[in-house]
Amino acid sequence: MRLHPPATLLVPRLAGENCKVAGYDIIKNSRVIVNVWAIGRDPTLWEKPNEFCPERFIGKEIDVVGHNFELLPFGAGRRMCVGYALGLITVQSTLANLLHGFEWKLPGNVRKEDLDMEERFGVTTSRKNPLLVVPKPRLPLDLYSS
Ligand code: HEM
């Protein structure tokens, strides 16, 4: 959710008063668009920003629910995502089921460094090209039939 936030830009805000943000003058009534994608890869905020390294969060207080402005996959404030709890549970339970149910391998000689992680930008972000992986059941086969 840091490197590939599903919503790259938050819902536009209107500045309620003149203010200064990071040295920039924001005039009252300006439309402000927060680029969560760029914040998640900002080298002044993140060490090795382009590396997928979930261990970086171990022992950190940082969360994804609008308290830490360097990580805002669900936005923040009054217009923050109302479905964030459902969204988080859905992502976590889907991922847990896929990992519990299957061993995953890359096809042929493809190395993880060769994975194509390009994105298609839009209102929500998706992979530009499909992910090709080979699943192998890791549980008794009768558990996979409906
Ligand atoms: C992983 C899943 C999800 C992600 C990453 C996500 C992300 C976001 C983001 C970034 C915003 C804009 C917040 C802002 O501008 O501060 C938003 C708004 C919103 N989301 Fe989600 N969302 C997810 C799942 C859901 C689900 C499951 C629901 C409904 C069941 C939902 C309903 C909404 C609604 C209604 C808004 C508009 C809130 C408003 O403008 O007041 N989202 N979401």
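Points to keep in mind about this one:
- Close amide H partners of Phe102, meaning residues 5 or more places away or on another chain with modelled amide H under 5 Å apart, are Arg138.
- Which of Leu131, Leu3 is most accessible, then next, and so on - probe 1.4 Å: Leu131, Leu3
- Estimated FRET transfer efficiency when R0 is 22 angstrom, pair Lys112-Ala85 (beta carbons, to 0.05): 0.10
- Counted charge near Pro130, where neighbours are those whose Cβ lies closer than 12 Å (Asp, Glu -1; Lys, Arg +1): +1
- Proximal charge balance of Cys81 [Cβ under 15 Å; K/R count +1, D/E count -1]: +2
- Environment charge of Phe52, counting only residues whose C-beta is closer than 12 Å and scoring Lys/Arg +1, Asp/Glu -1: +2
- Across the options Pro73, Ser30, Ile58, the greatest Cα extent toward the positive end of the charge dipole of the range 1-81 (unit charges at beta carbon of Lys, Arg, Asp, Glu) belongs to Ser30.
- Rounded to the nearest Hz, the phi-derived 3J(HN,Hα) couplings of the range 29-39 under the Karplus curve 6.51 cos²θ - 1.76 cosθ + 1.60 (θ = phi - 60°) are 6, 5, 8, 10, 10, 8, 9, 5, 4, 5, 4, where x marks glycine and proline.
- Debye-formula intensities of the chain, expressed as log10 I(q)/I(0) at q = 0.09 Å⁻¹, are -0.40 (one equal scatterer per alpha-carbon, no solvent).
- Using the Cβ-Cβ distance between Asn129 and Leu45 with R0 = 30 Å, the FRET efficiency computed as 1/(1 + (r/R0)^6) comes to roughly 0.55.
- Under Karplus coefficients 6.51, -1.76 and 1.60, residue-wise ³J(HN,Hα) of the range 99-108 in Hz, glycine/proline x: 6, 6, x, 9, 8, 10, 10, 7, x, x
- Label point at Cys19 placed 7 Å out along Cα→Cβ; residues across the range 30-50 whose backbone nitrogen lies under 12 Å: 30, 32
- A simple rule links phi to the HN-Hα coupling: the Karplus curve 6.51 cos²θ - 1.76 cosθ + 1.60 with θ = phi - 60°, which for the range 6-20 gives x, 10, 6, 10, 6, 4, x, 10, 10, 5, x, 7, 5, 7, 10 Hz, with x for Gly and Pro.
- Taking a straight line from the alpha carbon of Lys60, these lysines sit under 24 Å away, with near neighbours fewer than eight places off in the same chain left out: Lys48.
- Point-charge dipole on Cβ atoms (K/R +1, D/E -1) for the range 10-146, about Cα centre, debye to 20: 340
The values are calculated or read from the model by the stated rules, or taken from the named source; none is laboratory data. This structure is a prediction, so every number in the text was calculated from the model and none was measured. We place every Cβ from the backbone using ideal geometry, glycine too, and count neighbours over all the protein chains shown. Calculation scope for accessible area: heavy atoms of the full protein, side chains included, ligands and nucleic acids excluded. Shrake-Rupley method; radii C 1.70, N 1.55, O 1.52, S 1.80 Å.
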